[in-house]
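The values are calculated or read from the model by the stated rules, or taken from the named source; none is laboratory data. Bear in mind the structure is a predicted one, so any value in this text is a computation, not a measurement. All Cβ positions, glycine included, derive from the backbone under ideal geometry; neighbour counts span all protein chains shown.
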Amino acid sequence: MVAAGAEVRTAVGLSERIAVELTGVFAELREIVRGLDPAALAEGGLHPALKTLGRRSAVPVRLDMRADGRLPEQIELAAYYVVCEALTNTAKHAHASVVDVQVDTGEGVLQVRVRDDGHGGADLSRGSGLIGLQDLVEALGGRISLSSPPGAGTTVEIALPVDGASRPGLPAAVTRRPDHSAPGPVAHPHSPGPAGGS
């Protein structure tokens, strides 16, 4: 009984620490997004916010929005930030002519896919802004994958739990290098330093 009580207290303490960390993540994310485009996301939700991102993108964006209605705040913030970061990396490094952004929901999960037709070669092993996306998606209990074979464009996909969005214990993020080897942190081979790749 004593051991069981200690385990319960340990579990409660861990849950409280996770809650504090998640609160910090969400607060930081709100500040980042507030500097990007607060009105469209806060007032209209993800759809109008992504439409605005697409209009402002240096590379033409084709948006396929299949998710209706509002989502939990942290999920909208995360999805918006992921798309924004992916579009920024594409514009800087991919030499792409178009980006396809697809957003869908089903079975309690929001799925976002951003694919460009650039030269590919993004690599999680050399560090970039996409590293922060992995941390963010993991904090929300989601998954992220990167596919970027040389010469064949880059695809970033995330899956975020809509129900119980801040609940820990869901599958951790998965990142894939172009050679499909072990996960690691993203950079672009054609960038001079640790900048984002696409």
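Observations on the model:
- Some residue of region 8-26 being modelled with pLDDT of 80 or more and either among the aromatic types (Phe, Trp, Tyr) or under 18 Å from the mean Cα position of the chain (by Cα) (or both): no
- Residues (surrounded by fewer than 19 Cβ atoms within 10 Å (Cβ to Cβ) and either in a helix (DSSP H, G or I) or touching a Cys at 6+ places or on another chain (Cβ under 6 Å) (or both)) located in region 68-80: 73
- Of the candidates 87, 71, 146, the single residue that is under 15 Å from residue 162 (Cα atoms) and in contact (Cβ under 8 Å) with a residue 24 or more places away in the chain is 71.
- Selection from region 88-103 of residues that are surrounded by fewer than 24 Cβ atoms within 10 Å (Cβ to Cβ) and either hydroxyl-bearing (Ser, Thr, Tyr) or not in a strand (DSSP E or B) (or both): 88, 91, 92, 95, 96, 97, 98
- Residue in region 34-46 that is among the acidic types (Asp, Glu), at pLDDT 55 or above and surrounded by 11 or more Cβ atoms within 10 Å (Cβ to Cβ) present: no
- Within region 79-118, tally of residues that are charged (D, E, K, R) and in contact with a Ser or Thr (Cβ under 7 Å, 6 or more places away or on another chain): 4
- Considering residues of region 122-143 that are part of a loop (DSSP other than H, G, I, E, B) and surrounded by fewer than 22 Cβ atoms within 10 Å (Cβ to Cβ) only, the residue modelled with the highest pLDDT: 141
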